[in-house]
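Peer 1: Have a look at this one before I ask anything.
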Amino acid sequence: MEQNLNQYRIFYTVAKSGSISRASQMLYISQPAVSKAIFKLEEELGTKLFNRSSRGVSLTFEGKILFEHIQTAFEAINAGEEKIRLINSLEIGHLRIGASATFCKYLLLPFLKGFIKEHPHIKITIESQSTSHTLKLLQDGKIDIALVVRTDNFKNLEFYSLGQFQDIFAATGDYLQNLNLRGESNSLSKEEFEIQLFKNANIMLLDEENITRLYVNNYFRMNNIEVNHILEVNNMDLLIEFARISLGVACVIKEFVSADLKSGKLLEIPLSKPLSKRTAGFAYLKNAPFTDSMKSFMDYVKKAK
């Protein structure tokens, strides 16, 4: 079969074109070479494949059977070659992005909407994991780009910042009133208010596996804040929803609840020492191949930011 592949390609081209001379032009070989290859294939198969006339060639019954089988194979080969050409010209590619569920919803989706519209042929895979798992996927080469919070551990990563965000504690006015703190807040210092709040309130936080939780735990430790009642969840959307139904005081990202704060549905808890702002952005490995799909996506992000 291997030594006959070229003969089968010539047979396929002649059958498609219906002419040895046209097949010769399409294959960039001489007419005698085309005729010789067809004759040799017929000899090897022990059957006549073409009827020849002054108007060209037509398939015999046996030739039609052979063509039906070969056509599928060569169309598949042509489709594969075309796909490679499309990939190389960036009309198609594969981009693997990792991000937490929260960042997917609030930061990634707005970029994806416009990017997909401009590059509909690029296949996109989203891995929705915690930031720590996302960074491991990136280090293991299982994703191309990670949407994460910047940490001190980024020595082998390139990072493109999308800007800073602010972690805050928020609750409904009803919940604070039920704690008997809202009315007393005018007579309490910020420090006294915080002590009472964290002592008595149901403090809602992300679970221990989340980088944000480690950050908040460190804030508590550095400021000697004692928390008596903790409710843990595994994603920020639940924290926001629980806060909205007056289930407790939630640690959330201010930018993601801006509408609730503006309408008064949620109230930001004033802190004597606010949590420091953090930076979110896209990270990718310094030494890994920077594919055309990655470049196209990052170019779009920089343009749309």
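Peer 1: Would you mind listing the strands (runs of 3 or more DSSP E) fully within segment 161-277 where at least 1 residues are touching a strand residue (DSSP E or B) at 6+ places or on another chain (Cβ under 8 Å), touching a residue at least 40 places away in the same chain (Cβ under 8 Å) and not hydroxyl-bearing (Ser, Thr, Tyr)? Step through it out loud before you land on a result.
Peer 2: On the way: elements: 167-171, 202-206, 229-233, 249-253.
Filter on segment 161-277 gives 167-171, 202-206, 249-253.
Peer 1: Output the residues belonging to segment 116-148 that are outside any strand (DSSP E or B) and either hydrophobic (A, V, I, L, M, F, W, C) or closer than 14 Å to PHE297 by Cα (or both). Even if it seems obvious, please write down each step before you answer.
Peer 2: The first filter runs over segment 116-148 and keeps only residues outside any strand (DSSP E or B), leaving 116-121, 129-144.
Within segment 116-148, ILE116, LYS117, GLU118, HIS119, PRO120, HIS121, LEU135, LEU137, LEU138, ILE143, ASP144 qualify.
Peer 1: Tell me which residues, restricted to segment 10-30, are part of a helix (DSSP H, G or I), under 45 Å from the mean Cα position of the chain (by Cα) and not small (Gly, Ala, Ser).
Peer 2: Residues satisfying the conditions are ILE10, PHE11, TYR12, THR13, LYS16, MET26, LEU27.
Peer 1: Let me ask another. What are the pairs with Cβ atoms under 8 angstrom where one residue, in segment 27-38, is within 12 Å of PHE11 (Cβ to Cβ) and the other, located anywhere, is among the aromatic types (Phe, Trp, Tyr)? Sequence gap at least six, or different chains.
Peer 2: If the second residue must be among the aromatic types (Phe, Trp, Tyr), the pairs left are ALA37/PHE11; ILE38/PHE11; ILE38/PHE50.
Peer 1: From the list ALA243, ALA259, which residue is outside the structural domain of GLU118 (by TED's automatic domain parsing), at pLDDT 95 or above and surrounded by 14 or more Cβ atoms within 10 Å (Cβ to Cβ)?
Peer 2: Numbers: ALA259 fails: surrounded by 14 or more Cβ atoms within 10 Å (Cβ to Cβ).
The unique qualifying residue is ALA243.
Peer 1: What about VAL34, is it buried (at least 17 other Cβ atoms within 10 Å of the Cβ), modelled with pLDDT of 85 or more, over 50 Å from the mean Cα position of the chain (by Cα) and not assigned by TED's automatic domain parsing to the domain that holds ILE211?
Peer 2: In short, no.
The values are calculated or read from the model by the stated rules, or taken from the named source; none is laboratory data. These numbers come from a predicted model, not from an experiment. Ideal geometry is used to build each Cβ from the backbone, glycine not excepted, and the neighbour counts take in all protein chains shown.
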